[in-house]
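The values are calculated or read from the model by the stated rules, or taken from the named source; none is laboratory data. All of these numbers come straight from a predicted model, not from anything done at the bench. Heads up, the Cβs are rebuilt from the backbone with ideal geometry, glycines too, and the neighbour counts pull from every protein chain shown.
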């Protein structure tokens with residue numbers, strides 16, 4: 001079962017396009033009800049299985065997918081990996097009942113930007129969606145740093161960063177290290193004595209160069225490529 005809409009806003013004013021993937025109709029309705037009143041967000045489709053979520057994402061290329069984990073046919077983690085492999089610019093927010101670090105680490109490993117709890121308030125869900133769409137992380141900074149640090153310790157160390165498109169500049173490496181530490185744009189700006197706007201530009205360039213969709217995945221990719229090593233020293 002798939003639902004989708006075909007209307008779109010004029011160029012330059014297009015709201016963030018969201019797909020909701022959950023096998024429970026009431027859960028999809030609840031999330032849609034939370035998001036639809038927001039003028040900057042548009043629910044463009046619904047999926048009841050992981051396979052439908054992948055197919056709908058291919059067809060609609062949304063900005064973000066709200067992804068349940070336990071679904072028939074294909075589960076949410078498998079669907080997340082498939083979407084990120086084909087459509088790396090699409091962000092995924094996992095909808096979960098668990099805050100188990102091992103569970104969340106696996107979600108990050110397959111490409112999720114973060115998670116929202118199923119019992120989260122409307123304000124929390126909308127805020128998490130907006131954070132991802134604006135380039136921020138929906139994860140608590142301390143939790144994000146903890147998860148990425150665990151990933152770094154589980155990833156074999158590289159003597160040199162792997163080549164992947166355009167190389168990161170030294171300033172971008174500095175910003176990436178601070179992102180991996182869970183710093184917000186404002187905190188990074190303060191640490192590097194630059195404006196928040198400058199930090200946003202650096203983060204956008206890092207995301208583009210690493211071929212990911214958000215800052216959380218930029219940090220994960222930085223670890224995988226050898227740009228970052230525990231305790232998050234940027235390799236030059």
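To keep it simple, each residue is scored yes or no on (1) at pLDDT below 90; (2) closer than 29 Å to residue 14 by Cα; (3) within 20 Å of the chain's Cα centre (by Cα); (4) not assigned by TED's automatic domain parsing to the domain that holds residue 97.
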site: 139; (1), (2), (3), (4): yes, yes, yes, yes
site: 152; (1), (2), (3), (4): yes, no, yes, yes
site: 182; (1), (2), (3), (4): yes, no, yes, yes
site: 193; (1), (2), (3), (4): no, no, no, yes
site: 216; (1), (2), (3), (4): yes, yes, yes, yes
site: 221; (1), (2), (3), (4): yes, yes, yes, yes
site: 224; (1), (2), (3), (4): yes, no, yes, yes
Worksheet item: Would you call residue 28 modelled with pLDDT of 95 or more, within 19 Å of residue 114 (Cα to Cα) and over 18 Å from the mean Cα position of the chain (by Cα)?
Response: yes
Item to complete: Would you be able to tell me the number of residues in region 95-126 that are surrounded by 15 or more Cβ atoms within 10 Å (Cβ to Cβ) and without any contact (Cβ under 8 Å) to a residue 12 or more places away in the chain?
Response: 2
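So that you can scan it fast, the table gives a plain yes or no per residue for (1) at pLDDT 95 or above; (2) more than 17 Å from the chain's Cα centre (by Cα); (3) closer than 18 Å to residue 214 by Cβ:
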position: 52; (1), (2), (3): yes, yes, no
position: 58; (1), (2), (3): yes, yes, no
position: 71; (1), (2), (3): no, yes, no
position: 82; (1), (2), (3): yes, no, yes
position: 85; (1), (2), (3): no, no, yes
position: 89; (1), (2), (3): no, no, yes
position: 103; (1), (2), (3): no, no, no
position: 111; (1), (2), (3): no, no, yes
position: 114; (1), (2), (3): no, no, yes
